[in-house]
């Protein structure tokens with residue numbers, strides 16, 4: 001009888017755990033976590049990889065039609081126009097070890113966010129993959145971790161799901 005009671009209580013506890021909090025507890029990443037990436041390795045791909053605090057982080061990039069002037073601003077889904085030339089604003093999303101929202105890697109007044117207008121849709125996605133890897137690794141402008149890096153990482157590692 002006690003065994004059945006304990007099993008019932010355990011099932012009740014497991015059923016009430018919020019999946020997002022479980023992910024947050026398992027993935028120990030923050031704005032100050034040291035990340036490394038070799039963006040040149042990921043050139044010509046719309047995905048990116050990095051190692052942050054010993055954890056392999058993988059993500060994807062997309063070209064959106066919506067600009068943002070705030071590094072680290074996020075959305076649940078990026079706007080994509082049927083007019084290819086309008087989709088030039090980079091958005092990054094972590095897909096492993098947890099799933100983030102779509103995050104802006106730059107201010108959209110600089111090359112970290114805006115792909116050159118001469119690029120095709122595929123080239124734009126590849127370019128944005130490179131920018132996402134650069135942003136997570138702290139390779140803004142002259143390089144090195146700075147305020148932009150911690151803002152981007154903080155947004156990337158917040159509000160995770162599985």
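The values are calculated or read from the model by the stated rules, or taken from the named source; none is laboratory data. All values derive from a computational prediction rather than experimental measurement. A quick note on method: Cβ atoms are made from the backbone with ideal geometry, for glycine too, and the neighbour counts reach across all protein chains shown.
Residue-by-condition table, conditions (1) touching a strand residue (DSSP E or B) at 6+ places or on another chain (Cβ under 7 Å); (2) in contact (Cβ under 8 Å) with a residue 12 or more places away in the chain:
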residue	(1), (2)
52	yes, yes
60	yes, yes
63	yes, yes
66	yes, yes
69	no, yes
79	yes, yes
82	no, no
86	no, yes
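Results for (1) under 10 Å from the mean Cα position of the chain (by Cα); (2) crowded, with 20+ Cβ neighbours inside 10 Å; (3) at pLDDT 85 or above, shown as yes or no for each residue.
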position: 59; (1), (2), (3): yes, yes, yes
position: 69; (1), (2), (3): no, no, no
position: 110; (1), (2), (3): no, no, no
position: 123; (1), (2), (3): no, no, yes
position: 157; (1), (2), (3): yes, yes, yes
Residue in the range 109-123 that is touching a residue at least 12 places away in the same chain (Cβ under 8 Å) and part of a strand (DSSP E or B) present: yes
